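What follows is a set of notes on a single structure, which appears directly below.
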Amino acid sequence: MRSRSIRTGRHALGAVAGGLALTLVLAACGSSPSSKPQPSAVSHAPAIPAGPIKVGALFSLTGAFAQTGLITQATYQAIIAHLNAAGGIADHQVQLVALNDQGNPAVAVSQAERLVADHVAAVVYPGLAITDRQTVPVFMKSHIPVVTLAPSDQWANGKEWPYYFDAYPLNKPTMATLVAFGKARGITKLGVLGDSTPFSQSLMADLVPSARQAHLPIVATAAYTPTSTDMTVQLQQLRSAGANGIALLAETGMTHVHQDLLAMGWHPTILTTADAFFDGYSSLGALAPNTYANCGIGVKPGQALPPAVSTLMQTVAAKIHITIPGNSGIIFINNTMLILAYAIEHAHSLNGNAIASAIESIHGVSFTAPQYSYTFTASNHDGWTANAVHMCRLVPLGPQGLPILATP
């Protein structure tokens with residue numbers, strides 16, 4: 001039987017994202033977590049010890065990615081506080097051990113090792129794309145489950161990353177959706193602008209074949225460094241190549257991109273990721289009507305939110321005191337916490353193997369609300385389905401700051 005903490009959490013929890021991109025039309029259905037059988041592989045796992053359950057996180061709280069890191073940390077803190085108020089996990093309080101990785105891979109590895117030494121039961125945020133390729137192997141070696149949000153395709157491979165579980169749309173379906181949407185919106189020549197980060201590079205690796213398959217020519221590509229403040233040269237390169245649309249694949253620097261586009265008087269259609277809700281959102285200005293981001297959770301125009309989702313959004317927003325456009329990240333982060341809670345409670349253990357086995361038993365299970373369901377297997381550790389990826393408008397926003405689904 002499901003414990004009180006998760007049953008309550010399904011109706012009252014929420015979360016944000018950084019790094020992060022996303023959409024599922026609020027019409028699909030999922031089964032209740034209580035309907036899933038307990039996995040037989042975990043029956044001999046050690047019981048949960050007394051005291052709080054520690055979960056680790058690596059946030060970029062200083063440096064170029066601090067804006068995303070601070071918002072993401074505040075959201076996790078709010079969600080975990082609300083989870084604890086509802087009884088925690090298996091009647092244990094949850095303690096967030098949050099460390100600053102500074103957006104620096106070397107620092108991030110050191111901080112990851114600190115989390116291992118602190119005996120965290122799981123990691124709910126292993127860092128942004130610029131650091132997680134270094135930190136995740138540390139956790140895999142120690143058999144510490146990572147239950148988080150990440151778009152990189154590689155993390156879905158359960159055979160290669162047996163303790164990594166992703167609750168977020170992957171880059172491959174995201175880029176395919178972005179290309180198809182852009183072509184339907186009338187883009188005939190696509191320019192690509194990135195920020196030279198691993199995040200940008202991984203998106204580019206999926207964008208190119210998607211554009212080729214859709215017969216949408218990429219006429220030019222350009223890149224800037226995360227610390228750049230003037231992208232005029234790169235933008236002029238794209239415009240000179242005849243681009244009438246831009247794929248902006250970046251984690252940072254978008255404020256300067258917007259400002260430079262406006263200064264140039266160039267208003268192309270912009271296709272970007274959900275990171276645009278965190279970086280540069282207020283600088284869109286006249287670019288807003290023609291700017292679209294991928295979204296994993298969005299609403300149709302005029303659609304009301306389910307009560308559980310509305311309560312969740314209001315609760316978290318009241319705790320973090322930060323305005324977060326594109327609030328779908330709240331739901332995704334909430335889902336990750338409830339997936340972890342489900343696994344621990346079904347495993348009756350903090351053993352990494354037991355938790356991983358329990359997550360792999362999740363098939364068509366919903367958490368925050370029945371509209372959002374997840375399926376994991378031993379080989380596929382990304383629970384979000386490819387057909388649940390869409391494009392949304394950046395402006396205007398729907399109820400509780402959720403993005404509005406865009407029509408091609």
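The values are calculated or read from the model by the stated rules, or taken from the named source; none is laboratory data. In this text the structure is predicted, and so the values were computed from the model without any measurement. Virtual Cβ from ideal backbone geometry, glycine too; neighbours counted across all protein chains shown.
How many residues are in a loop (DSSP other than H, G, I, E, B), surrounded by fewer than 24 Cβ atoms within 10 Å (Cβ to Cβ) and among the small types (Gly, Ala, Ser) when one looks only at the stretch 132-166?
3
Got a number for residues in the stretch 171-227 being surrounded by fewer than 18 Cβ atoms within 10 Å (Cβ to Cβ) and either touching a His at 6+ places or on another chain (Cβ under 7 Å) or assigned to a helix (DSSP H, G or I) (or both)?
Residues that pass the stated criteria total 10.
Go through Gln67, Gln111 for me and flag whichever is touching an Asp or Glu at 6+ places or on another chain (Cβ under 7 Å), closer than 22 Å to Thr315 by Cα and either free of Cβ contacts under 8 Å to residues at least 40 places away in the same chain or assigned by TED's automatic domain parsing to the domain that holds Ala150 (or both).
So the residue among Gln67, Gln111 that is touching an Asp or Glu at 6+ places or on another chain (Cβ under 7 Å), closer than 22 Å to Thr315 by Cα and either free of Cβ contacts under 8 Å to residues at least 40 places away in the same chain or assigned by TED's automatic domain parsing to the domain that holds Ala150 (or both) is Gln67.
Identify the residue in the stretch 258-294 that is outside any helix (DSSP H, G or I) and modelled with pLDDT under 90 and, among all such residues, is surrounded by the most Cβ atoms within 10 Å (Cβ to Cβ).
Across the stretch 258-294, the extreme among qualifying residues is Phe278.
Which members of the stretch 136-175 meet the condition of being of a type in the set (A, V, I, L, M) and without any contact (Cβ under 8 Å) to a residue 60 or more places away in the chain?
Passing the criteria: Val136, Val138, Met140, Val146, Met175.
Would you be able to say whether some residue in the stretch 193-200 is within 23 Å of the chain's Cα centre (by Cα) and farther than 18 Å from Val257 by Cα?
So far as the stretch 193-200 goes, yes, one or more of its residues are within 23 Å of the chain's Cα centre (by Cα) and farther than 18 Å from Val257 by Cα.
Considering only residues of the stretch 116-131 that are in a helix (DSSP H, G or I) and out of contact with any strand residue (DSSP E or B) (no Cβ under 8 Å at 6 or more places or on another chain), which is surrounded by the fewest Cβ atoms within 10 Å (Cβ to Cβ)?
Ala117
Report yes if some residue within the stretch 232-245 is within 28 Å of Ser328 (Cα to Cα), β-branched (Val, Ile, Thr) and touching a residue at least 12 places away in the same chain (Cβ under 8 Å); otherwise report no.
No; the residues of the stretch 232-245 include none that is within 28 Å of Ser328 (Cα to Cα), β-branched (Val, Ile, Thr) and touching a residue at least 12 places away in the same chain (Cβ under 8 Å).
Please go through the stretch 306-324 and pick out each residue that is in a loop (DSSP other than H, G, I, E, B) and closer than 25 Å to Ala150 by Cα.
Across the stretch 306-324, the qualifying residues are His321, Ile322, Thr323, Ile324.
Take Gly87 and decide whether it is crowded, with 19+ Cβ neighbours inside 10 Å and not in a helix (DSSP H, G or I).
no
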